[in-house]
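Take a look at the structure below.
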Amino acid sequence: MELPELVCVFLLAACCHCRRAVGVPGEAEQPAPEVLEVEVGSTALLKCGPARSQDSLSLDWFSVHKEKPTLIYRVRQGQGQSEPGEYQHRLSLQDKGATLALAHVTSHDERIFLCQGKRPRSQEHRIQLQVYKAPEEPSIQVNTLGISVNSEEPEEVATCVGRNGYPVPQVTWYKNRLPLKEEKNRVHIQSSQIVESSGLYTLQSILKARLVKEDKDAQFYCELSYRLPSGNHMKESREVTVPVFYPAEKLWVEVVPTGMLKEGDHVEIRCLADGNPPPHFIISKQNPSTMEMEEKATDHDGLLVLEPARKEHSGLYECQGLDLDTTVSLMDQQELLVNYVSDVRVSPTTPESHEGSSLTLTCEAESNQALEFLWLREKTGKVLEKGPVLLLHNLKREAAGGYLCMASVPSVPGLNSTQLVNVAIYGSPWMASKERKLWVKENEVMRLSCEASGHPRPTISWSVNGTAHEQDKDPQSVLSTLNVLVTPDLLETGAECVASNPLGRNSTVIRLELVNLTTLPPDSTATTGLSTSTASPHARANSTSAEKKLPEPESKGVVIVAVIVCILVLAVLGAVLYFFYKKGKLPCGRSGKQEITLPPLRKSEIVVEVKSDKLPEEMGLLQGSNGDKRAPGDQGEKYIDLRH
């Protein structure tokens, strides 16, 4: 070995010996540092090795950053003092100076801290501080523009972002709960990270892939894996679906509703295909005359609405779809059948007959299905007969009116059609009553109504002046109304309406009575203003039927007045007797008769007679002075002797 080399070796050895002698921290000969894990924002407790009795009283703490130790804290005789710098306000002593507490840990605090005792040959103790921070919930943004299966390169599916984590979390992508891995020309994951001013990391990962038609419903999401002092953890994003575009391979026609269709239904003919986006559709219908397909106008692509559906809509429909990307054309056809019942007719169309005779009604209809017939009475809805023929025997006036023939298809629920026919029975006009009483007020306008029915249809005339208005209730009935002013003459004569036809005449007299609230019958109503009185035919009433007379109010009034007078007389008599009794003029005893002394000027005999037809219970005020009730036979004439 040459002299220069020997000199160098000697000098290097001497230098190393000197460094060990002065105890300079950071030598390579020192053991591996102690690892201390803490979370961002918490407090790190730095212990200076094993428990010491003497060294802990005087020691120095250093922060090593980029292999350069910096004094940050001094401990002398158990008392601590911070050095100026970044840790000046975050350090404090615990455990009598053996532990240094670092508050509000940040990611910048991930470094080595060492302590060195002041006694000779004191060894330094190193602590590696490892800092952790859980990232925020990962956010995911899907590619809303979609991916075509015809793409030859992987296209962006979604982007995952995890913010403010430390250290950088690991990202894993999943499709339908299965992890995705890098695959050449199929799957590519591109991740990057950003260091925030806080020292925390934001991770961004982009998933790119080539998709197929089966991925149209695939669920993609990302997972962030990270570590904390408590162990390993993970967070998942929400699941997303990316639009996948693929050409149609199949096309079909769908009719809604399904099953048997009938006239009046809301029917939709839809063209459907398994492509995304769907192709452009054209709907056509075959012309039954030329057998050519004719395009139908639609408001929406691929949707033809028939509302309401008619039998003319039956036929062959065709749907064509053209994919604009691949220029491939697809086609499908479907037969549509709209069931119907139409042209319901009854013969004879205007049936007429006489009382006592018979009548036959026959019903016919057209349909593409087997029909059932039902006969009903129009007014009541009562079923009269099943079948196309209705026989009416021994006709009466009540048989006149409307009859319904209903033609229905049992195999198609709700498919039916009806026809109304009116049966006319020859006869003179029918009216409900011969006479009617109406309560009115004088000098008020009254609307009188009169209804009659018969065949031929009757006409109505009135016995009083005024403008009459007629309206048809049905082919055999007519209603006439007349507005009149209630005058004394009208009250005396009343009003008569006369219905007539070629077979006879009939009439109804309306008697007008003035309203008297004290004598108005309970079932009568007073009329005010413009009122209405209707004399209408009773339900098939005979023309000779008479309306029941209203009760006469005069007898009831006389009885009420008599009762009131009797009560007043008894009250006065009781008051007189009580007055004399209080004055001592009427001594009490067991005899039923006592003499009463009158003043000198009233020496004549005074006899008060009370007649009453009341029941014995109502004569309680006429008991004797001894409290005994009179005998039942003494209820006719009552006498009280007031003689001197």
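The values are calculated or read from the model by the stated rules, or taken from the named source; none is laboratory data. Everything numeric here is computed off the predicted structure, so don't read it as measured data. For neighbour counting, all protein chains shown are included, and Cβ atoms are generated from backbone atoms with ideal geometry for every residue, glycine included. Ligands, DNA and RNA are excluded from the accessible area calculation, which covers all protein heavy atoms including side chains. Shrake-Rupley method; radii C 1.70, N 1.55, O 1.52, S 1.80 Å.
Within the range 368-400, which residues are part of a loop (DSSP other than H, G, I, E, B), touching a Leu at 6+ places or on another chain (Cβ under 7 Å) and not charged (D, E, K, R)?
LEU395
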In the range 389-407, anything open to solvent by less than 30 Å² (accessible area, probe 1.4 Å) and on the phi < 0 side of the Ramachandran plot is listed as LEU390, LEU392, LEU395, ALA399, ALA400, GLY402, TYR403, CYS405, ALA407
Looking at the range 207-224, can you tell me whether even one residue there is closer than 30 Å to GLU110 by Cα and under 41 Å from the mean Cα position of the chain (by Cα)?
yes
**Item:** Test for SER289: is it over 37 Å from the mean Cα position of the chain (by Cα), open to solvent by 50 Å² or more (accessible area, probe 1.4 Å) and either closer than 28 Å to ASP215 by Cα or hydroxyl-bearing (Ser, Thr, Tyr) (or both)
**Value:** yes
Of the residues in the range 122-167, those that are among the charged types (D, E, K, R) and more than 30 Å from ASN276 (Cβ to Cβ) come to GLU124, ARG126, LYS133, GLU136, GLU137, ARG163
Turns out the strands (runs of 3 or more DSSP E) fully within the range 424-533 with at least 2 residues that are under 53 Å from the mean Cα position of the chain (by Cα), at pLDDT 90 or above and not acidic (Asp, Glu) are 445-455, 477-485
Within the range 214-227, the residues that are open to solvent by 40 Å² or more (accessible area, probe 1.4 Å) and more than 18 Å from LEU178 (Cα to Cα) are ARG227
Taking the range 141-153 and keeping only residues that are surrounded by fewer than 20 Cβ atoms within 10 Å (Cβ to Cβ) and within 16 Å of PRO243 (Cβ to Cβ), one is left with GLN141, VAL142, ASN143, THR144, LEU145, GLY146, SER148, VAL149, ASN150, SER151
*asked:* Please determine whether any residue of the range 177-199 is hydroxyl-bearing (Ser, Thr, Tyr), surrounded by 12 or more Cβ atoms within 10 Å (Cβ to Cβ) and touching a residue at least 40 places away in the same chain (Cβ under 8 Å).
replied: yes
If we ask which residues in the range 340-360 are touching a helix residue (DSSP H, G or I) at 6+ places or on another chain (Cβ under 8 Å) and of a type in the set (S, T, N, Q), their number turns out to be 1
Does the range 350-362 contain any residue that is open to solvent by 40 Å² or more (accessible area, probe 1.4 Å), among the aliphatic types (A, V, I, L, M) and either out of contact with any Cys (no Cβ under 9 Å at 6 or more places or on another chain) or modelled with pLDDT of 95 or more (or both)? no
Counted residues in the range 401-423 being part of a strand (DSSP E or B) and either among the β-branched types (Val, Ile, Thr) or over 48 Å from the mean Cα position of the chain (by Cα) (or both) come to 3
Check your understanding: Is at least one residue of the range 140-152 modelled with pLDDT of 90 or more, in a strand (DSSP E or B), under 52 Å from the mean Cα position of the chain (by Cα) and among the small types (Gly, Ala, Ser)?
Key -> yes
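A quick yes/no check of all residues on (1) among the hydroxyl-bearing types (Ser, Thr, Tyr); (2) out of contact with any Asp or Glu (no Cβ under 7 Å at 6 or more places or on another chain); (3) in a strand (DSSP E or B):
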position	(1), (2), (3)
GLY259	no, yes, no
GLY264	no, yes, no
ARG270	no, no, yes
MET291	no, yes, no
GLU294	no, yes, yes
THR298	yes, yes, no
For the range 257-273, pairs from a residue that is farther than 14 Å from GLU335 by Cα to a residue that is among the basic types (Lys, Arg), with Cβ under 7 Å and 6 or more apart or across chains, are GLU263/ARG310; GLU263/LYS311; ALA273/LYS250
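Conditions (1) without any contact (Cβ under 8 Å) to a residue 40 or more places away in the chain; (2) farther than 25 Å from THR349 by Cβ; (3) open to solvent by 10 Å² or more (accessible area, probe 1.4 Å), marked per residue:
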position: VAL409; (1), (2), (3): no, no, no
position: VAL412; (1), (2), (3): no, yes, no
position: ASN416; (1), (2), (3): no, no, yes
position: LEU420; (1), (2), (3): no, no, yes
position: VAL423; (1), (2), (3): no, no, no
position: GLU435; (1), (2), (3): no, yes, yes
position: LEU438; (1), (2), (3): no, yes, yes
position: LYS441; (1), (2), (3): no, yes, yes
position: GLU444; (1), (2), (3): no, yes, yes
With criteria (1) without any contact (Cβ under 8 Å) to a residue 24 or more places away in the chain; (2) under 28 Å from VAL40 (Cα atoms), GLU239 comes up short on (2)
Residue hits (the range 127-139; under 18 Å from ILE206 (Cα atoms) and either within 39 Å of the chain's Cα centre (by Cα) or among the hydrophobic types (A, V, I, L, M, F, W, C) (or both)) are GLU137, PRO138, SER139
In the range 309-349, residues that are touching a Cys at 6+ places or on another chain (Cβ under 9 Å) and of a type in the set (Asp, Glu) total 1
Checking GLN320, GLN334 in turn, the sole residue that is open to solvent by 70 Å² or more (accessible area, probe 1.4 Å), among the polar types (S, T, N, Q), in a strand (DSSP E or B) and within 17 Å of LYS250 (Cβ to Cβ) turns out to be GLN320
